[in-house]
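One structure below.
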Amino acid sequence: MKPLVAAFAAALCLLTVALPAQQSAALPYTVVTRDAKRPLAARTINGQEMFALDDLARLFNLTVREDAAAASLNISAGGQSVLLSTQQPLASVGGRMTSLPAAPAREGRSWYVPVDFVSRVLAAISPTKIDLRKPSRLLLVGDIRMPRVAVRVEGLGAQSRVTLDVAPPTGHAVSQEPGRVVVRFEADALDAPDLRANTTTDLVTGVHLGDTAQSVAIDVTPRFGSFRSTDQPGPAGATRIVIDVLPQTEAAPQTPQPQVPARPQTPESPPLLDLPPAGGLRTIVIDPGHGGDDTGAKGTQGTLEKTVTLAVARRLKAAIEARLGTRVLLTHDGDQTVGLDQRAAVANNNKADLFISLHASASLRPAVAGAQVFYLGLEGYGEAAQRAAQAPRDALPVLGGGTRDIEIIPWEMAQARYIDQSAGFARAVEAALRDRVPMSPRALQQAPLRVLVGVNMPAVLVEIGFLTNAPEEQQLLADDRQSALAQALIDGIMRYRAGSGGTR
Ligand SMILES: [Zn+2]
């Protein structure tokens, strides 16, 4: 036996001496699961990138049994098994042959398999979802939402454009933060290997991952004024997010005015800014209830209504801009005291199409909870308001050939003309909220609300929940509830526009 063992050992030595010429370490892959990220070593053997079968066995709970006589490896996972030829680049999965770029390679006692073995064979038998992404060297295990994001920055005359192709399409919100514009995705992480490979412009100095693994930050220069974001269909089922970064205008207006950015002159840029936004909506005004000295309701744990309404309003603004491409103005974007008529004036002066006032409720009974939607009731506003509501639309002159009639209706009664539309809008918003957040037993109500009375367009007031209900107070502060509210309000807007035919 001894000479035989020696001969075998010699053969092994020859093998191990011969191998280094043909194999080398490759950059590791990153295995991403719900709970963790860890490296998975890869090596190049005979020009093929391979994983150690032992590593895969540990990762996917595989049982590996070699059948030397049949020149095969019997690999099973859960109830399923695979026969992998040790001589040929072939595997048999449930009786079906699958080809591989190379046969397994043996090094010492270990078998190596081409990385494609994971996507072509293991993915077919694994009870968990497996997604191998070779270009970004990722191996996603389980239901991981990790969209691929590719970024391009270009200068277009005075403005700059940042284009993000996102696959698969993933919910996102674009918002402005000091010194940057941030795109937050509803994802576990982003697959964006070439995020930094970017040109810079005099408005955009860089693009990189944001504070969280789910966001992309676009750094802007002090010349930055505002941005506009549109979603379009992208290549290969991707969503293309086009963010136009606009410079400051010469004279900053006192009150919010329509942003009319210079139309890009370059022929390759599509005239995005001139397209009517989704559903014919051009401007939506969101009114974060209370502010400054007027703190509004106070929660059992001290949460102030003004804080929650502003947080939800900012989130809703970003979400609407990103999803609908509609201009959104807030009646105030800081902790300021703003009068009720002033809030209506922001909407009227900007010829908004919709007005949404956001509030949170308080009750003496701590058990009371849930969201509510209000539209204006005319009781308490007198006969003139009732008459204004009943006057036929076309009987009223329209100034300047427009479709607005605020000029001839006393300020106090502006909303009277829109009660029916506001009721429709309120129903749509209530139904959309019901799909996503807990509702009050009295979810849809009519009330003589001062903030709505002067608004010259369909208008609702949404009480997003009760701060006096301790669990709801906590929920209203949480990211997921705030984004559910923003989503629901967008759905409500879309339902209303769909139901009202998209015309005024
Ligand atoms: Zn309030």
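Each reported figure results from applying straightforward, stated rules to the coordinates on display, with no laboratory input. None of the values given here were measured: they were computed from a predicted structure. Neighbour counts run over all protein chains shown; Cβ positions are idealised from the backbone, glycine included.
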**Asked** Which ³J(HN,Hα) values, rounded to whole Hz and listed in residue order, are derived for region 429-440 from phi using the Karplus coefficients 6.51, -1.76 and 1.60 in 6.51 cos²θ - 1.76 cosθ + 1.60 with θ = phi - 60°, glycine and proline given as x?
**Response** 5, 4, 5, 5, 4, 4, 5, 10, 9, x, 10, 5
**Asked** Based on the Cβ-Cβ distance of S136 and D67, what FRET efficiency does E = 1/(1 + (r/R0)^6) give at R0 = 25 Å, to the nearest 0.05?
**Response** 0.10
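Which whole number in µm²/s is D for region 23-141 by Stokes-Einstein, with the Kirkwood Rh taken over Cα pairs at 20 °C and 1.002 mPa s? Mind dumping the intermediate values first?
Values: Rh = 14.3 Å.
For the chosen part, D equals 150 µm²/s.
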**Complete:** Diffing region 303-310: the Karplus 3J(HN,Hα) column from phi (6.51, -1.76, 1.60, θ = phi - 60°), in whole Hz with x for Gly and Pro, holds 5, 9, 4, 4, 6, 5, 5, 5
**Request:** Arrange the peptides 437-447, 357-367, 303-313 so that the one whose residues have, on average, the most other Cβ atoms within 10 Å appears first.
**Result:** 303-313, 357-367, 437-447
**Complete:** Taking a straight Cα-to-Cα line shorter than 30 Å from K306, and setting aside same-chain lysines fewer than 8 residues away, one finds K298, K317, K351
**Fill in**
Given backbone amide H placed at 1.01 Å from N, residues whose amide H is under 5 Å from that of I284, ignoring those fewer than 5 places away on the same chain, are R327, V328, L329, D353
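Quote the Stokes-Einstein diffusion coefficient, in whole µm² s⁻¹, for region 148-249, based on the Kirkwood radius over alpha carbon pairs, a temperature of 4 °C and a viscosity of 1.567 mPa s.
Working: Rh = 13.4 Å.
Using the Kirkwood radius from Cα pairs, D works out to 97 µm²/s.
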**Item:** Nitroxide proxy distance, nm - points 7 Å out along Cα→Cβ at D293 and R145
**Value:** 4.4
**Request:** Using packing as a proxy for protection, rank 68-80, 216-228 so that the peptide with the highest average count of other Cβ atoms within 10 Å comes first.
**Result:** 216-228, 68-80
**Prompt:** Taking only the alpha-carbon positions of region 279-354 and ignoring solvent, what does the Debye formula give for the base-10 log of I(q)/I(0) at q = 0.23 Å⁻¹?
**Reply:** -1.01
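Where does the charge balance sit around P101 when Lys and Arg score +1, Asp and Glu -1, over other residues with C-beta under 11 Å from its C-beta?
Working: positive: R120; negative: E49, D116.
Within the 11 Å Cβ shell, the charges total -1.
Count charges around Y112 for me, please; just the other residues with Cβ under 13 Å from its Cβ, Lys/Arg as +1, Asp/Glu as -1.
On the way: positive: R43, R106, R109; negative: E49, D54, D55, E107, D116.
Taking every other residue near Y112 into account, the sum is -2.
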**Fill in**
Karplus ³J(HN,Hα) for region 417-423 (6.51 cos²θ - 1.76 cosθ + 1.60, θ = phi - 60°; Hz, whole; x = Gly/Pro) runs 6, 10, 4, 5, 5, 5, 5
**Prompt:** Taking R0 as 30 Å, what's the FRET efficiency between E186 and E154 from their Cβ-Cβ distance, rounded to 0.05?
**Reply:** 0.65
**Asked** Sorted by mean Cβ packing within 10 Å, highest first, what order do the peptides 93-100, 170-177 take?
**Response** 170-177, 93-100
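So how much slack lies between E177 and R34, counting 0.36 nm per residue of separation and subtracting their Cα-Cα distance, in nm?
Here the answer is 48.6 nm.
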